[in-house]
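The values are calculated or read from the model by the stated rules, or taken from the named source; none is laboratory data. For clarity, every value in this text was computed on a predicted model and none was experimentally measured. We place every Cβ from the backbone using ideal geometry, glycine too, and count neighbours over all the protein chains shown. Accessible surface is based on the protein model in full, side chains and every heavy atom, while ligands, DNA and RNA are left aside. Shrake-Rupley method; radii C 1.70, N 1.55, O 1.52, S 1.80 Å.
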Amino acid sequence: MEHDPAHFSTAFYPAEGAPEPLRTAFYLNPLTYLVDIIRAGIFGDVTQFVIFEMAILAVIATILFIVATKLLTKLDF
């Protein structure tokens, strides 16, 4: 049975109080960081951890952009 990656994020369940294997799965999913940032923006609760999550998303986006650029330059059109 295949699992949807959204099931392993804090979109529906908070990370606080979750068992350790589930909490680890939450923080391996970039959707968790996005949901936390949006939630912090809506409720005005921006903390150092939220800023750290923003940095993680920026690093992931940069790495994926570089990989995509490298792969696109190897394609023959």
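Normalising by the residue count of the chain, find the relative contact order in percent from Cα pairs under 8 Å and 6+ residues apart.
Working: 40 pairs, mean separation 17.6, N = 77.
Answer for the chain is 23 percent.
What spacing in nm lies between the two simple spin-label points modelled at Leu72 and Ala55, each 7 Å away from Cα in the Cβ direction?
About 2.8 nm separates the two model spin labels.
Nothing charged except the Cβ atoms of Lys and Arg (+1) and of Asp and Glu (-1): what's the magnitude of the dipole of the chain about its Cα centre? Round to the nearest 20 debye. Don't skip to the end; give the middle numbers.
On the way: 4 positive and 8 negative charges, 54 e Å.
Dipole of the chain, to the nearest 20 debye: 260 debye.
Quick check: the angle from helix 48-73's long axis to the longest principal axis of the chain, C-alpha only, nearest 10 degrees?
Helix 48-73 sits at roughly 20 degrees to that axis.
For Val46 and Glu16, calculate 0.36 nm times their separation in residues minus their Cα-Cα distance, and state this gained length in nm to one decimal.
9.1 nm
Run the numbers for Tyr27 and Leu64: contour at 0.36 nm per residue of separation, minus the present Cα-Cα distance, in nm. Mind dumping the intermediate values first?
On the way: separation 37, 0.36 × 37 = 13.32 nm, distance 1.80 nm.
My answer for the length gained is 11.5 nm.
What list of ³J(HN,Hα) values in whole Hz, one per residue of segment 38-47 in order, does the Karplus curve 6.51 cos²θ - 1.76 cosθ + 1.60 (θ = phi - 60°) give from phi, with Gly and Pro shown as x?
Ordered by residue, 3J(HN,Hα) equals 5, 4, 5, x, 5, 8, x, 10, 7, 10 Hz.
How big is D, in µm² s⁻¹, for the chain by Stokes-Einstein at 4 °C and 1.567 mPa s if Rh is the Kirkwood radius over C-alpha pairs?
91
Could you work out what % of the accessible surface of the chain is carbon and sulfur, using a 1.4 angstrom probe and leaving DNA, RNA and ligands out of the count?
Of the solvent-accessible surface of the chain, carbon and sulfur hold 72 percent.
How large is ³J(HN,Hα) for each residue in segment 28-37, as worked out from phi by the Karplus curve 6.51 cos²θ - 1.76 cosθ + 1.60 (θ = phi - 60°), to whole Hz, x for Gly and Pro?
Each residue of segment 28-37 in turn: 8, 9, x, 4, 4, 5, 4, 5, 5, 5 Hz.
Ranked from the most accessible area to the least, with a 1.4 Å probe and all protein chains present, what is the order of Asp76, Asp36, Asp45?
The ranking, largest first, comes out as Asp76, Asp45, Asp36.
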